[in-house]
Structure formats: structure tokens, C-alpha cells
């Protein structure tokens, strides 16, 4: 559960909902082949241990900061030949807009890590 307090009051949104929303938004962006895990060994162990719940959140981490906004970390795989700067700028804008519109919680930062390239 992600809980943020602002001038309206206390807002609580399920972390699973936000992760699914971000994953769906990112995979719909131009040049993104997939959302990928950070570490293959760690993801294998976690998938065996936690099952379906882990597979839904792989590659996306969401946390609240001290000012009441969200920080989102994304690990993605891009398609070969993609203009990475343009793709990252598009992802940051689209994810911020979608999460703010759907949840009413301000997104302060979106970190995009490109871990792999689809050739």
C-alpha cells in the first residue's frame, strides 16, 4: 500500500495497482520491447519464493518520498535502433501523467534504467 498525505487528506493506493498501471503504460511506449528484471539470479530466486506476486512487479519499483510524492524506478529493454533519449523522455512524461491522472498522487521522479536491447 502506498500512502501519501497532502492538502486533500490521506491517500492510500494499492502498490499492485500502481505497478500494473505503470507496466501497462511503459510497454505501450514506442521503442520499449519489455520491462525486465534487475538481476537474473535474484529474480529467479524471488520468482520461486514469491510466485505470481513477484512476476507482476518485476522491473518496476514504486516508493513514496518525504514530500508526499512518488518515485518510480523502471528497468526496461528497448528495441534496436530506438532513439534512447526520445524514448526515455516519452516514458517519463507518459508514466507521470498516467499515474497522476489515475491516482491523484504527484509523481516527483521517474528513473529509467535501460538494461537490455532487443536485437
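The values are calculated or read from the model by the stated rules, or taken from the named source; none is laboratory data. Not measured: the values here are computed from a predicted model. With ideal geometry, Cβ positions are generated from the backbone for all residues, glycine too; neighbour counts draw on all protein chains shown.
Laid out as a table, the results:
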| quantity | calculated |
| --- | --- |
| Total residues in the stretch 85-119, condition assigned to a loop (DSSP other than H, G, I, E, B) and more than 11 Å from residue 69 (Cα to Cα) | 1 |
| In the stretch 11-21, the residues that are touching a strand residue (DSSP E or B) at 6+ places or on another chain (Cβ under 6 Å) and either at pLDDT 90 or above or buried (at least 19 other Cβ atoms within 10 Å of the Cβ) (or both) | 13, 18, 19 |
| The stretch 47-62, subset under 10 Å from the mean Cα position of the chain (by Cα) and either in a loop (DSSP other than H, G, I, E, B) or loosely packed, with under 12 Cβ neighbours inside 10 Å (or both), residue modelled with the highest pLDDT | 59 |
| Selection count where residues are out of contact with any strand residue (DSSP E or B) (no Cβ under 6 Å at 6 or more places or on another chain) and loosely packed, with under 15 Cβ neighbours inside 10 Å, scope the stretch 105-119 | 1 |
| Matching option when the condition is modelled with pLDDT of 95 or more and surrounded by fewer than 17 Cβ atoms within 10 Å (Cβ to Cβ), among 24, 93 | 93 |
| Number of positions in the stretch 63-74 that are modelled with pLDDT under 90, surrounded by 14 or more Cβ atoms within 10 Å (Cβ to Cβ) and within 23 Å of residue 88 (Cα to Cα) | 2 |
